[in-house]
């Protein structure tokens, strides 16, 4: 509910918090409150939510509940290619691997699907660049050393640290993050081009 980048158009000031409403039907008369899972009793939820400006007269169709995340102990099961170590033809991706978020789940699904197709064609499997978000997530879920493995979203903390000379050159956190993003994009483009080159070569040989 961080209001960053959402100043009040009337005053120019950022509010204390911002509530995201997501349209739930074609008639646009039902919306969900994003990120409001909780353990409160229904009556208390209604009381608290009606304190939010604009929701004083809202009718609540369903109240929030805590959802359960089911996930495997990926560091003991998966490689960075998202295949299981015991059965190389079995892949996992998405939330069950311990990644959180839609983009993270889609990204790991893409990589697992790509590798599943490659293994069926007897091709070498690929791991995403560790400088990239997908690569960093796959490295984390397959290698993190912890007694209590828990799901994560992508953060800059999961990306590879900059070399000492660049950390010395860029002391500001925002500048360092910008450099990390540029490195990730550059290596990601090279990664995709390499995949394309190998696919083209394989097709030429098959022909």
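The values are calculated or read from the model by the stated rules, or taken from the named source; none is laboratory data. Predicted, not measured: the structure shown is a model, and the values here were computed from it. Reconstructed Cβ throughout: ideal geometry from the backbone, glycine too, with neighbour counts over all protein chains shown.
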| Quick check: anything in the range 160-176 in a helix (DSSP H, G or I), within 20 Å of the chain's Cα centre (by Cα) and either buried (at least 18 other Cβ atoms within 10 Å of the Cβ) or free of Cβ contacts under 8 Å to residues at least 40 places away in the same chain (or both)? | no
| note | When every residue in the range 120-150 that is within 19 Å of residue 94 (Cβ to Cβ) and part of a loop (DSSP other than H, G, I, E, B) is compared, the one nearest to the chain's Cα centre (by Cα) is 132
| query | Within the range 57-78, can one find any residue that is exposed (fewer than 14 other Cβ atoms within 10 Å of the Cβ), within 22 Å of the chain's Cα centre (by Cα), over 29 Å from residue 120 (Cα atoms) and in contact (Cβ under 8 Å) with a residue 40 or more places away in the chain? | reply | yes
| request: Give the number of residues within the range 2-28 that are over 15 Å from residue 54 (Cβ atoms) and surrounded by 10 or more Cβ atoms within 10 Å (Cβ to Cβ). | output: 4
| query | For residue 196, which of the numbered conditions (1) part of a helix (DSSP H, G or I); (2) surrounded by fewer than 11 Cβ atoms within 10 Å (Cβ to Cβ); (3) touching a helix residue (DSSP H, G or I) at 6+ places or on another chain (Cβ under 9 Å) fails to hold? | reply | (3)
| Scan of the range 79-99 for residues that are closer than 14 Å to residue 111 by Cβ, outside any strand (DSSP E or B) and in contact (Cβ under 8 Å) with a residue 24 or more places away in the chain, ordered by number | 79, 80, 81, 82, 97
| query | Given the residues 112, 58, 117, which is the only one that is part of a helix (DSSP H, G or I) and either in contact with a helix residue (DSSP H, G or I) (Cβ under 6 Å, 6 or more places away or on another chain) or at pLDDT below 95 (or both)? | reply | 117
| message | Return the residues of the range 79-99 that are surrounded by fewer than 20 Cβ atoms within 10 Å (Cβ to Cβ) and on the phi > 0 side of the Ramachandran plot; say none if nothing qualifies. | response | 94
